[in-house]
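Asker: Could you have a look at this structure, given as structure tokens, before my questions?
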Amino acid sequence: MIRNQWYAVLDSKELRKNKLLGITRLGEKLVFWRDRNGDIGCLFDKCTHRGKGRILSNNMVQCPFHGFEYDTSGKVTKIPAIGKKTLVPYRYKVNAYHAVDKHGFIWIFWGENKDEYPPIPFFEDIDEKFKYDTLIDHWPIHYSRVIENQLDVIHLPFVHANTIGRGCRTLIDGPIVKWTEKELQVWAFMRKDDGTKPKKPEELPKPKHDALLHFRFGNIWQNRLANAFRIFAAFVPIDEENTIIYLRLYQKIWRLPVTGWIITKLANRIGNKRILRQDKRVVITQLPKKTKLKIKENLLQGDSPVIEYRRKRKELIEKNNI
Ligand code: FES
Ligand SMILES: [Fe+2]
């Protein structure tokens, strides 16, 4: 996992008011909560005193062993054994991550604490006019495999033969892959095999429309099926072998309150779920569970989005995971 990136780690609705949530994300046991001001706390769930795991009890961030209490910065605010008049020394603190609630997700900046953080890398073109529904699914595989599946443009006629891959368009021209300052963009061109070779990306005309697939580090992606209709995913790393995918359908075609909500929900819970299941069946069998730039695989020209993702991932790990 790459340090010093923003990661969407929870749907905002999963973190209720007055409720502490102890969960594993990015291989670490963390505790999340909303404080009185609406700020989000995210701390290492291990007490600084004598290492008790799960420092939450009675809906307070209070270690149940000797009663130390914590604030959102990870500082101990109260040590009952030294009395309320004694100042708590600075060394009594645990690691905390900067956390915010935005775009319907809880995000953490997984890395060093800073005075100023980079902006949250959400897609600017998904605004409040969209309605959305979220589907949450656990996959027993490293998140790199789950991301690569959503960048894989040659699996559709096989994995999704009876859904989005109908029509035997098995030959792939390009694809065209481009990095912008913020994201990886992919244009895919599938066609029936007419005996000609796949065209190289440079042989293809410059695309006039926006890219189909967009991926942003640390962990978000969108399939821009139409300006008013998007499939969005956050690939949330639990640990080296487990990922939770938060799959959203965003649409602003049907905007009436009840009808819009029903259509969005049904399309996500039935249509998208079916497609996701088709992917999951295949992806969770891939070995090794975690990918890197150089592994024993025989890749094709059509795998270039996956190769680009791996290349950039390696670059970011070398820069940030020191
Ligand atoms: S171990 Fe947590 S207060 Fe002592
Ligand atoms: Fe798929």
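Asker: Treating each Cα of segment 131-320 as an identical point scatterer and ignoring solvent, apply the Debye formula and state log10 I(q)/I(0) at q = 0.09, 0.10, 0.16, 0.17 Å⁻¹.
Answerer: -0.34, -0.42, -1.11, -1.25
Asker: Using the charge dipole of the chain (Lys, Arg: +1 at Cβ; Asp, Glu: -1 at Cβ; taken about the Cα centre), state which of C42, L212, I275 has its Cα farthest towards the positive end.
Answerer: C42
Asker: Here is a follow-up. Which ordering of C63, C47, C168, C42 is given by a fewest-first count of other beta-carbon atoms within 10 Å?
Answerer: Details: C63 25, C47 22, C168 12, C42 28.
By the 10 Å Cβ count, ascending: C168, C47, C63, C42.
Asker: At a Förster distance of 51 Å, what's the computed FRET efficiency of D35 paired with K200, Cβ-Cβ distance as r, to 0.05?
Answerer: 0.40
Asker: Now for a separate question. If you take every residue apart from K252 with its C-beta less than 10 Å away from the C-beta of K252, what net charge results, scoring Lys and Arg +1 and Asp and Glu -1? Walk me through the numbers before you get to the answer.
Answerer: On the way: positive: K129, K131, R230, R255; negative: D127, E128.
The answer is +2.
Asker: So, R0 is 25 Å and r is the distance between the beta-carbons of T163 and K17; what FRET efficiency does that work out to, to 0.05?
Answerer: Numbers: r = 39 Å, r/R0 = 1.56.
Efficiency for this residue pair is about 0.05.
Asker: Further question on the same structure: Within 10 Å of each residue's Cβ, count the other Cβ atoms and sort R224, R50, R25 from fewest upward. Numbers along the way, then the final one.
Answerer: Numbers: R224 19, R50 9, R25 22.
So the ranking, lowest neighbour count to highest, is R50, R224, R25.
Asker: Which net charge results when you count Lys and Arg as +1 and Asp and Glu as -1 among the other residues whose beta-carbon is under 10 Å from that of R230? Mind dumping the intermediate values first?
Answerer: Working: positive: R224, R248, K252; negative: D125.
Taking every Cβ under 10 Å from that of R230, the sum is +2.
Asker: Placing +1 on the Cβ of each Lys and Arg and -1 on the Cβ of each Asp and Glu in the chain, which of L249, H155, S12 has its Cα farthest towards the positive end of the resulting dipole?
Answerer: Final value for the positive-end residue is S12.
Asker: Suppose every K and R has +1 on its Cβ and every D and E has -1 on its Cβ; what is the size of the dipole of segment 5-110 about the Cα centre, in Debye to the nearest 20?
Answerer: Details: 19 positive and 9 negative charges, 79 e Å.
Computed about the Cα centre, the dipole is about 380 debye.
Asker: Still on this structure, I have one more. So what is the 222 nm mean residue ellipticity for the chain from helices alone, if each DSSP H run of at least 4 adds -39500 (n - 2.57) and you divide by all residues, rounding to the nearest 500 deg cm²/dmol?
Answerer: Numbers: 5 runs with 51 residues, N = 322.
Theoretical 222 nm ellipticity from helices: -4500 deg cm²/dmol.
Asker: Listed highest first by mean packing, meaning other Cβ atoms within 10 Å per residue, what order do 78-88, 136-146, 282-292 come in?
Answerer: 136-146, 282-292, 78-88
Asker: If you take the beta carbon distance between K296 and R3 as r and set R0 to 41 Å, what does 1/(1 + (r/R0)^6) give as a FRET efficiency, to the nearest 0.05?
Answerer: Values: r = 27 Å, r/R0 = 0.65.
So, using R0 = 41 Å, E works out to roughly 0.95.
Asker: For the chain, give the magnitude of the charge dipole about the Cα centre (Cβ charges: +1 Lys/Arg, -1 Asp/Glu; no others), in debye to the nearest 20.
Answerer: Roughly 660 debye, rounded to the nearest 20.
Asker: Determine the dipole magnitude for segment 131-320: charges of +1 sit on the beta-carbon of Lys and Arg, -1 on that of Asp and Glu, nothing else is charged, the reference point is the Cα centre, and the result goes in debye to the nearest 20. Kindly include the intermediate steps, with their values, before the conclusion.
Answerer: On the way: 37 positive and 21 negative charges, 79 e Å.
In total the dipole reaches around 380 debye.
Readers should treat all values here as calculations from the given coordinates under stated rules, not as data from a laboratory. This structure is a prediction, so every number in the text was calculated from the model and none was measured. Please note: Cβ atoms are built from the backbone with ideal geometry, for glycine as well, and neighbour counts cover all protein chains shown.
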